[in-house]
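The values are calculated or read from the model by the stated rules, or taken from the named source; none is laboratory data. Computed from a predicted structure; not experimentally measured. Reconstructed Cβ throughout: ideal geometry from the backbone, glycine too, with neighbour counts over all protein chains shown. Surface accessibility is based on the protein's heavy atoms, side chains included, excluding ligands, DNA and RNA. Shrake-Rupley method; radii C 1.70, N 1.55, O 1.52, S 1.80 Å.
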Amino acid sequence: MHMSDDLISPAVGIAMCAVSATAIAYSVKNSIKKANFSREKLPMVAVMSVFIFAAQMVNFAIPETGSSGHITGGILLAAMIGAFPAFLSMSAVLIIQCLAFADGGLLALGCNIFNLGVIPCLIVYPLIFEPLAKKNMALASMLAVIAGLQLGAFGVVLQTYASGVAGLPFAAFATSMLPIHLAIGAMEGVVTAVILHFAYATYTRKAVVAFAFMALFAGGVLSQFASEAPDGMEWSIERAYGQQ
């Protein structure tokens, strides 16, 4: 769901960069205040960031659609290291992907940080995951991930429409983006629930080592078998243009 510069006007791009930069500054302040980056917590923050970076490289096919998706990881990060550190971690991942791998554009970076970071980590996690996780972590994971992806996908539609440079019809784009990201969210929700169940039942030091190995496995092995089908946003753009 990484947006490219082709979808974004300078006005929308600059405005969203300002919003995301403000969220980053606010998160830094709160993380320092709450000592989220203490010596004891830093290993988990670091290894989770690497794990999410690697996991996003692995696209899985969405059956019967011709599309693919990948884990975004916002809810998983927040559940493991807290909302503000998770948002800063996701922001760092997105910035590296943009600058080093041209995954998402520089103009669209503010949009991507908002859609993939602010929404799941700072909005959905405290409002949906935290209250539900005390009763049913699997349900919390599923609903939070789906809500985060649905809101993020709708954010992409709104930002693209407000930019007016891609010429995508609002209704056609929305009715493609939301259903495909519902399917992606359901699959990510299951993965998130399984990983959190393992992590919460594991001693922290062992969990750090386990996530380090999983990051290596995802980046070094699973990425070689990633689906080559267009991801959910690319697939939605193709369908929206086809309905013009």
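Exactly one of (1) closer than 23 Å to LYS34 by Cβ; (2) within 13 Å of the chain's Cα centre (by Cα); (3) not small (Gly, Ala, Ser) is unmet by CYS111. Its number?
Every condition holds for CYS111 apart from (1).
Would you point out which residue out of LEU106, LEU7 is of a type in the set (A, V, I, L, M), surrounded by 21 or more Cβ atoms within 10 Å (Cβ to Cβ) and modelled with pLDDT of 90 or more?
Details: LEU106 fails: surrounded by 21 or more Cβ atoms within 10 Å (Cβ to Cβ).
Residue meeting the stated conditions: LEU7.
Could you please find all residues in the stretch 22-39 being open to solvent by 60 Å² or more (accessible area, probe 1.4 Å) and within 30 Å of GLY232 (Cα to Cα)?
THR22
Tell me which residues, restricted to the stretch 199-234, are open to solvent by 40 Å² or more (accessible area, probe 1.4 Å) and more than 28 Å from VAL45 (Cβ to Cβ).
Residues satisfying the conditions are PHE225, GLU228, GLU234.
Inspect the stretch 21-31 for any residue being under 25 Å from ALA144 (Cβ atoms) and assigned to a strand (DSSP E or B) and give the result as yes or no.
Taking every residue of the stretch 21-31 in turn, none turns out to be under 25 Å from ALA144 (Cβ atoms) and assigned to a strand (DSSP E or B).
Results for (1) out of contact with any Ser or Thr (no Cβ under 9 Å at 6 or more places or on another chain); (2) open to solvent by less than 20 Å² (accessible area, probe 1.4 Å); (3) of a type in the set (A, V, I, L, M), shown as yes or no for each residue.
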{"residue": "SER20", "(1), (2), (3)": "no, yes, no"}
{"residue": "LYS41", "(1), (2), (3)": "yes, no, no"}
{"residue": "ASN59", "(1), (2), (3)": "no, no, no"}
{"residue": "ALA92", "(1), (2), (3)": "no, no, yes"}
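Quick one: MET1 ticks every box in (1) over 12 Å from the mean Cα position of the chain (by Cα); (2) in a loop (DSSP other than H, G, I, E, B) except a single one, so which number is it?
Just one mismatch for MET1, condition (1).
Say whether the condition of being touching a residue at least 40 places away in the same chain (Cβ under 8 Å), closer than 23 Å to PHE37 by Cβ and open to solvent by less than 10 Å² (accessible area, probe 1.4 Å) is met by at least one residue in the stretch 139-158.
Taking every residue of the stretch 139-158 in turn, none turns out to be touching a residue at least 40 places away in the same chain (Cβ under 8 Å), closer than 23 Å to PHE37 by Cβ and open to solvent by less than 10 Å² (accessible area, probe 1.4 Å).
Within the stretch 64-72, can one find any residue that is charged (D, E, K, R) and within 25 Å of ALA199 (Cα to Cα)?
No, that holds for no residue.
Which condition number does ARG239 fail, the rest of (1) open to solvent by less than 90 Å² (accessible area, probe 1.4 Å); (2) assigned to a helix (DSSP H, G or I) being met?
Tallying (1) open to solvent by less than 90 Å² (accessible area, probe 1.4 Å); (2) assigned to a helix (DSSP H, G or I), ARG239 fails exactly one: (1).
Could you list, in sequence order, all residues of the stretch 1-20 that are among the polar types (S, T, N, Q) and closer than 16 Å to LEU116 by Cα?
The initial filter retains those residues of the stretch 1-20 that are among the polar types (S, T, N, Q), namely 4, 9, 20.
SER4, SER20 - these are the residues of the stretch 1-20 that are among the polar types (S, T, N, Q) and closer than 16 Å to LEU116 by Cα.
For the stretch 36-50, state whether one or more residues are in contact with a Gly (Cβ under 8 Å, 6 or more places away or on another chain) and in a helix (DSSP H, G or I). Break it down stepwise before answering.
Just the residues of the stretch 36-50 that are in contact with a Gly (Cβ under 8 Å, 6 or more places away or on another chain), to begin with: 36.
Okay, now just the ones that are also in a helix (DSSP H, G or I), so none.
So far as the stretch 36-50 goes, no, none of its residues is in contact with a Gly (Cβ under 8 Å, 6 or more places away or on another chain) and in a helix (DSSP H, G or I).
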